[in-house]
1. Out of the residues in region 44-90 that are in a helix (DSSP H, G or I) and small (G, A, S), state the one that is nearest to C122 (Cα to Cα).
2. Take the residues in region 102-126 that are under 18 Å from the mean Cα position of the chain (by Cα) and of a type in the set (S, T, N, Q), then tell me which one is nearest to G37 (Cα to Cα).
3. Quick one: how many residues across region 110-138 are under 15 Å from E65 (Cβ atoms) and without any contact (Cβ under 8 Å) to a residue 12 or more places away in the chain?
4. Among all residue pairs at least 6 apart or on different chains, which show Cβ distances below 7 Å where the first residue, located in region 79-101, is at negative phi and the second is surrounded by 13 or more Cβ atoms within 10 Å (Cβ to Cβ) and of a type in the set (K, R)?
5. Give the residue that is modelled with the lowest pLDDT, with candidates limited to residues of region 91-117 that are in contact with a strand residue (DSSP E or B) (Cβ under 6 Å, 6 or more places away or on another chain) and not in a loop (DSSP other than H, G, I, E, B).
Amino acid sequence: MNAPILTRRGFTGGLGTLVVAFSLDPNLVLAQERLPGSLQNNRKLDGWIRINPDGTATVFTGKVELGQGILTALAQIAAEEIDLPLARVRMISGDTRQTPNEGQTAGSQSVENSGTALRMACAEARAILIDLAATPFLQNIFFGLGRRNRLPANLLLPR
């Protein structure tokens, strides 16, 4: 019995045609650009938070207090994310000249939508501040190492 020797080329040649097709669904490609919660419609960082020279933060939200504790919850989220005591966070809510347009205030949806957006905005602001603070610190270390080739004895690293 002699079995024919079958190769990939011979196999696909015997099929006549091999069709390879793919599609890039625009909805799948663009899905990565969608931001969560209220951040989708209000993408400017300064519309959500301002870090003041006195070490406090002013947080802006389009949600209003209706007795559900939304302002306390959002202040806690912001304070946690930017690593400030709650007493140093000032909330401005529902002022259409200053705050992002977040639509209606509706119970737990307010914390889900606005809280998520606020958490991301505060995290971004904190990352920017850390980068700004680290740059001169690191430059001093690296330039100091370049000249003296050793760390200064009185170097204090940030916690």
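The values are calculated or read from the model by the stated rules, or taken from the named source; none is laboratory data. Nothing here was measured: the structure is a model prediction, and the numbers come from that model. Counting neighbours? That spans all protein chains shown, and the Cβs are built from the backbone with ideal geometry, glycine included.
1. Applying the first criterion (in a helix (DSSP H, G or I)) to region 44-90 yields 45-47, 70-82, 86-88.
If we keep only those that are small (G, A, S) as well, we get 47, 73, 75, 78-79, 87.
On the way: G47: 11, A73: 14, A75: 11, A78: 6, A79: 9, A87: 16 Å.
The selected residue is A78.
2. N113
3. 0
4. Pairs found: E81/R119; E81/R126; I82/R126; S93/K63.
5. My answer is S114.
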